[in-house]
Amino acid sequence: MTAKIAYDEVEVGTELPAQTFPVTRATLVRYAGASGDFNPIHWNEKFAVEVGLPDVIAHGMFTMAEAIRVVTDWAGDPAAVVEYGVRFTKPVVVPNDEVGALIEVSAKVAAGGRGERPPAFPLA
């Protein structure tokens, strides 16, 4: 797969198309099975509340994977991302209903590009 965007074509301030990713309890169960992360805060409402959370929360790595899709979809190639770091500021609470939660992600090129260095994309 080849990236659709070249570093030297990226301009600081470019806004990437925002995306929304739904997550339900069923999504969390499937992710737990794939990742092996069966921590009860991701599926057991009683346990999550007992440890001080408002409800069941999404896995941090799942949230990270969904968020970076804004960049990889825009670039056209997941291999175009050479470094990715996050700071978790609040959990994604997933209610036990048909709707669940929505992870809304936007991004803007903050630095780099134009041959300078790989672009930086703060995700919101």
Inset, instruction - Inspect segment 68-77 for any residue being modelled with pLDDT of 95 or more and in a loop (DSSP other than H, G, I, E, B) and give the result as yes or no. - result: no
Inset, instruction - Can you tell me which residue within segment 42-56, out of those that are out of contact with any strand residue (DSSP E or B) (no Cβ under 6 Å at 6 or more places or on another chain) and in contact (Cβ under 8 Å) with a residue 12 or more places away in the chain, is surrounded by the most Cβ atoms within 10 Å (Cβ to Cβ)? - result: Val56
Legend entry - Selection status of Ala65, under 30 Å from Ala111 (Cβ atoms), touching a residue at least 40 places away in the same chain (Cβ under 8 Å) and of a type in the set (Gly, Ala, Ser): no
Inset, instruction - Go through (1) without any contact (Cβ under 8 Å) to a residue 12 or more places away in the chain; (2) assigned to a loop (DSSP other than H, G, I, E, B); (3) not charged (D, E, K, R) one by one and return the number of the condition Gly33 breaks. - result: (2)
Legend entry - Residue match in segment 67-78 (condition: surrounded by fewer than 17 Cβ atoms within 10 Å (Cβ to Cβ) and hydrophobic (A, V, I, L, M, F, W, C)): no
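The values are calculated or read from the model by the stated rules, or taken from the named source; none is laboratory data. As the structure is a computational prediction, the values presented were derived from the model and not from experiment. With ideal geometry, Cβ positions are generated from the backbone for all residues, glycine too; neighbour counts draw on all protein chains shown.
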